[in-house]
Amino acid sequence: MKIRHLELPSPFAVAPMAGMTDTAFRRLVKRHGGCGLVVTEMVSSEGLVRGIDRTLEYAEYTEEERPISIQIFGGDPEKMAAAAAIVEQLGADIVDVNMGCPVPKIAKHNAGCSLMREPGHAASVVGAMTKAVKIPVTVKMRAGWNEHERNAGTLARMLEDNGAAALAVHGRTAAQSYSGHSDWDFISDVASSVSIPVFGSGDVIEPEQALERLRTTAVSGVLVGRGVLRNPWILAQAQDLAAGRSAREITQAERGRFLLDYIDLLLEEGVDEAEGFRHVASTEDESNPARKERTARGRERWVINKLRALGSWYTKGLENGSHLRTSINQCDSIAALRDLISEFFFESEMPKLKLGPTYGDAIRP
């Protein structure tokens, strides 16, 4: 699969998810293989242009994550073009536009999925960005605003005409949020209506589903969101199946090691890193310690909260997963988290688990 000149090593990609797909998580997924592209958490164009520290952190990435797309949101063509230029200066491979977020606090500022309600304006945003940068500009959107405004097909053609290099379509409307089902027939129709690559997204929680969507629809790639939070190996397993191999089985120990590695990467973030290890945007106040290193105070609480957020998905499909989830939420220190993970994943003699067809199932081979 290619996005303009950029050749992706796999058609399976990690969707951007606010609060979840941080640089540590993205690196770990990449290490397990099968991942053609990672996309950052959405970044405010306003924050990028103004150099707001917290916003700049969301745009950080490492070389290990390439190819990487930095997703930005906003509704002002000039600011979005300026933010895209910052993304290009950061060295990212792609700049992506969020036209899919249904959250009111984003949509009310004429950003996210609300842009789909004004196709002409949305196209002007993309047009301004493509004139400002040389890297590919892509767009992630939904089927439409609601059942009466499912205009992704029309908008897709307008975006292509304005220079978009690829699209990603989630088969739900903003009104649906994450209820109901993703309409892959609709996604396929959108993909068939344009000549640029289209990723399909929604309801892919098993590697077999990722491969089936790729083979039975007109999409060029599959963007996996919540499925990769539950199973960070899903892209590697889908790639196994695409190559004619059996999907690799994941042991309890491997699942435990992922969590411990995630803790380590979070704790090490910004600490004694070699110059150039992390691609960061410049800020007017380079002396600001918040840009150089998270302070020790609050770091442990931040890591614990990150594990709690991931645990709400990661534990689904595991035997006794609900107990593990509750226990993670009750941990009040890193040491307690490590002990809990070791006890659950390493000290038991349980055989390998295959994740079942629904979140609540675990199947023993």
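Every number in this text was worked out from the coordinates using simple rules, so none of it is lab data. A quick note: this is a predicted structure, and the numbers were derived from the prediction, not measured. When we count neighbours, we look across all protein chains shown, and the Cβ atoms used for this are built from the backbone with ideal geometry, even at glycine.
For each pair in Lys30/Lys105; Lys79/Lys140; Lys2/Lys140; Lys79/Lys105; Lys2/Lys134; Lys79/Lys131, compute the distance between the two Cα atoms and list the pairs where it is over 20 Å.
Beyond 20 Å: Lys30/Lys105.
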Kindly write out, for region 166-180 in residue order, the coupling ³J(HN,Hα) from the Karplus curve 6.51 cos²θ - 1.76 cosθ + 1.60 (θ = phi - 60°), rounded to whole Hz, with x marking Gly and Pro.
-> 6, 9, 10, 10, 8, x, 10, 8, 4, 4, 6, 6, 10, 8, x
Determine the gain in length on full extension of the stretch Asn146-Thr251; use 0.36 nm per residue of separation and subtract their C-alpha separation, reporting nm with one decimal.
-> 33.6 nm
What is the spin-label model distance, in nm, from Lys131 to Ala218 if the labels are put 7 Å beyond Cα along the C-beta direction?
-> 3.0 nm
Can you give the calculated 222 nm mean residue ellipticity of the chain, where each DSSP H run of n ≥ 4 adds -39,500 (n - 2.57) and the sum is split over every residue, rounded to the nearest 500 deg cm²/dmol?
-> -12000 deg cm²/dmol
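What does the convex hull of the alpha-carbon atoms of region 156-251 project to on average, in nm²?
Numbers: hull surface 27.3 nm².
In nm², the orientation-averaged hull projection of region 156-251 is 6.8.
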Cα centroids of region 72-123 and region 317-347: how far apart, whole angstrom?
-> 38 Å
Given the C-alpha centroids of region 8-24 and region 209-258, what is the distance between them in whole angstrom?
-> 13 Å
Gaussian network model of the chain, Cα within-10 Å springs - most flexible of Gly75, Gly311, Gly298 | Gly298
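Asp261 to Asp189: FRET efficiency via 1/(1 + (r/R0)^6), r the Cβ-Cβ distance, R0 45 Å, to the nearest 0.05?
Values: r = 41 Å, r/R0 = 0.90.
Efficiency at R0 = 45 Å is approximately 0.65.
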Tell me, rounded to the nearest percent, the portion of alpha carbon pairs in region 49-119 spaced more than 14 Å apart.
-> 61 percent
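Taking all pairs of different Cα atoms in region 203-259, averaging 1/r and flipping that mean, what Kirkwood radius in angstroms comes out?
Values: mean 1/r = 0.0847 Å⁻¹.
One over the average 1/r among Cα pairs gives 11.8 Å for region 203-259.
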Distance from a point 7 Å along Cα→Cβ of Glu63 to each backbone N in region 82-112: keep the residues under 12 Å and list them by number.
-> none
From the phi of every residue in region 336-346, what ³J(HN,Hα) in whole Hz does the Karplus formula 6.51 cos²θ - 1.76 cosθ + 1.60 yield, where θ is phi - 60° and glycine or proline is x?
-> 5, 4, 4, 4, 4, 4, 5, 5, 6, 9, 10
For region 205-216, 3J(HN,Hα) per residue [Karplus equation, 6.51 cos²θ - 1.76 cosθ + 1.60, θ = phi - 60°, Hz, x = Gly/Pro] | 10, 10, x, 4, 5, 4, 5, 4, 4, 5, 8, 10
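When DSSP assigns beta bridges and you keep just the ones with both residues in the chain, what percent turn out antiparallel, to the nearest 5?
Details: 7 of 38 bridges.
Around 20 percent antiparallel, to the nearest 5.
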Given backbone amide H placed at 1.01 Å from N, residues whose amide H is under 5 Å from that of Arg172, ignoring those fewer than 5 places away on the same chain, are Ala143, Asp183
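Hey, what does the equivalent ellipsoid look like for region 14-173, semi-axes from the Cα gyration tensor as sqrt of 5 times each eigenvalue, largest first, whole Å?
Working: eigenvalues 108, 60, 45 Å².
For region 14-173, the semi-axes come out at 23, 17, 15 Å.
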Region 1-44: equivalent-ellipsoid semi-axes (sqrt of 5 x gyration tensor eigenvalues, Cα, Å) = 19, 14, 7
Cα-Cα pairs of the chain separated by more than 33 Å (percent) = 28 percent
Give, as a single signed number, the net charge of other residues whose beta carbon lies under 9 Å from the beta carbon of Leu266, with Lys and Arg counted +1 and Asp and Glu -1.
-> -2
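Below 8 Å, C-alpha to C-alpha, sequence gap of six or more: please give me the relative contact order for the chain in percent. Could the numbers behind the result be given before it?
On the way: 718 pairs, mean separation 55.8, N = 365.
In percent, rounded to a whole number, it is 15.
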Reachable aspartates and glutamates from Lys316, criterion Cα separation under 19 angstrom, eight or more residues apart if same chain | Asp203, Glu206, Glu208, Glu249, Glu254, Glu343, Asp361
